[in-house]
Each structure stands twice: as C-alpha cells, then as structure tokens.
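Quick notes on the structure that follows.
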Amino acid sequence: TTPTFAIVGRPNVGKSTLFNRLVGRKLALVDDRPGVTRDRREGDGRLGHLAFRIIDTAGLEEADEGSLLGRMRAQTEAAIQDADVVLFVIDARTGLLPADRPFAELVRRSGKPVILLANKAEGAAGLSGAYEAFGLGLGDPVAISAEHGEGLGELFAALSQFF
Ligand code: GDP
Ligand code: MG
C-alpha cells in the first residue's frame, strides 16, 4: 500500500517548498510573511520511482494570537495521526529554535516513525544546524535543500525504508 508522509515543523522551515518539490506542482503556498492563511494540503508525491501520499501542514492561519498556537497544534496533530511516517523539518541555517520544540514534542509523543530533515542546507552554510538537530533526539538528520533540490538522494534512501 502507498505510505502517507506528513511534513511537520514550525513556520518558515520550508515545509511547503518541500511539498511542492515532491508533488511537482505549486499546490502549497510558499510565503515568508506571517499571518497568511495557509491550509493543510495533501497530494500525490513522487521521488524517483517512489509514489506516496504527502500532507503539508500550514504554519499560520489568520487568527488572534490566543488561538494561533492551538490551531497549529491541532492541525499538526491531525496530520501526524493520518500519516504513516512524519517528516520533521528544521531550518539548518537558523539551527534549532525554541519554536521547534513543541512540534518535536508532538512528533515524539505520537510514537510514529520520523525522518528528521535539516532543510536550507545548500552549500556549507547549513552544516552546523544539521549537527545541532541531533540534539532533538529524533535521529540522524538528513540535510536537504528543498529550494535547490539538494540532498534528494539521501531523502530517497530515507523514504525507501517505508515501502
Ligand atoms: P513553511 O512555512 O515551513 O511552509 O516554509 P515555506 O516553504 O513557505 O518557506 C519559507 C521560506 O523559506 C521561503 O522564503 C522559502 O523560499 C524559503 N526556503 C524554503 N526551502 C529553502 C531552502 O532549501 N533553502 C533556502 N535558502 N530557503 C528555503
Ligand atoms: Mg507552508
């Protein structure tokens, strides 16, 4: 059967960019402005000969501050529930931020298998952030650049385990 992967992480780490790369279409809105309405998107992904379902989780919705975290959390939890495997994304350039923690905690508590992705790792600039990602205790990070299409061979190898 076709596995379902959910892309999870704090806003602005590049989840939608990765989603668009894997579905090969711009179904998800890539935007670095906070406050833009971004719905959950689901599509048919491909990488090499691997075919799968993939869920993008929105970063933010137009909402008052009080409900914002709750909505992000609920949407992330629902996506994790629906997924066989979680792709947990961090930004290798900024390294780990406090905002990554609650998302990592949801992933950890779900007990679902997780692939840790250190995105924005094009060139050498992302290396330190990728190493920092070890500290999450979610395994060995796979360094990728969703925007520039780097690290896709390693991503392919990581996804392959679930077919
Ligand atoms: P999301 O909020 O996690 O869905 O993040 P987006 O996909 O909307 O991307 C947030 C910002 O990061 C955008 O400006 C993207 O162009 C940028 N971005 C995404 N992937 C990469 C990458 O691999 N390298 C770099 N340098 N920037 C990226
Ligand atoms: Mg997004």
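Structure notes:
- Segment 104-129, residues that are within 16 Å of ligand 1 (Cβ to nearest atom) and closer than 16 Å to Arg10 by Cα: Ala104, Leu106, Val107, Ile115, Leu116, Leu117, Ala118, Asn119, Lys120, Gly129
- Just one residue in the set Leu96, Leu47, Leu22 is within 14 Å of ligand 2 (Cβ to nearest atom), of a type outside the set (Gly, Ala, Ser), modelled with pLDDT of 90 or more and closer than 22 Å to Ala143 by Cβ; that residue is Leu22.
- Any hit, segment 143-152, residues being out of contact with any Lys or Arg (no Cβ under 9 Å at 6 or more places or on another chain), of a type in the set (D, E, K, R) and within 15 Å of ligand 1 (Cβ to nearest atom): yes
Okay, residues lined up against (1) modelled with pLDDT of 95 or more; (2) assigned to a strand (DSSP E or B); (3) over 18 Å from Asp56 (Cβ atoms):
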site: Pro102; (1), (2), (3): no, no, yes
site: Leu106; (1), (2), (3): no, no, no
site: Lys112; (1), (2), (3): yes, no, no
site: Leu116; (1), (2), (3): yes, yes, no
site: Gly123; (1), (2), (3): no, no, yes
site: Gly129; (1), (2), (3): no, no, yes
site: Ala133; (1), (2), (3): no, no, yes
site: Asp140; (1), (2), (3): no, no, yes
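- Criterion (in contact with an Asp or Glu (Cβ under 9 Å, 6 or more places away or on another chain), at pLDDT below 95 and more than 17 Å from Leu152 (Cβ to Cβ)) met by exactly one of Arg53, Arg41: Arg41
- Condition met for Pro98 (over 19 Å from Arg46 (Cα atoms), assigned to a loop (DSSP other than H, G, I, E, B) and either near ligand 1 (Cβ under 10 Å from one of its atoms) or not basic (Lys, Arg) (or both)): yes
- Matching entry among Val13, Val36, Val30 (being in a loop (DSSP other than H, G, I, E, B), at pLDDT 90 or above and of a type in the set (A, V, I, L, M, F, W, C)): Val13
- Scanning segment 89-111 for residues that are in contact with a helix residue (DSSP H, G or I) (Cβ under 6 Å, 6 or more places away or on another chain) and either closer than 16 Å to Pro3 by Cβ or among the β-branched types (Val, Ile, Thr) (or both) yields a count of 3.
Table: residues versus (1) more than 16 Å from ligand 2 (Cβ to nearest atom); (2) surrounded by 14 or more Cβ atoms within 10 Å (Cβ to Cβ); (3) touching a residue at least 24 places away in the same chain (Cβ under 8 Å).
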residue: Leu117; (1), (2), (3): no, yes, yes
residue: Lys120; (1), (2), (3): no, yes, yes
residue: Ala124; (1), (2), (3): yes, no, no
residue: Gly129; (1), (2), (3): yes, yes, yes
residue: Glu132; (1), (2), (3): yes, yes, yes
residue: Ala143; (1), (2), (3): yes, yes, yes
residue: Leu159; (1), (2), (3): yes, yes, yes
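- Scope segment 61-84; condition in a loop (DSSP other than H, G, I, E, B), among the acidic types (Asp, Glu) and at pLDDT below 90; matching residues: Glu61, Glu62, Asp64
The values are calculated or read from the model by the stated rules, or taken from the named source; none is laboratory data. Quick caveat, the model's predicted, so the values are computed rather than measured. Positions of Cβ are generated from backbone atoms using ideal geometry, with glycine treated the same way; all protein chains shown enter the neighbour counts.
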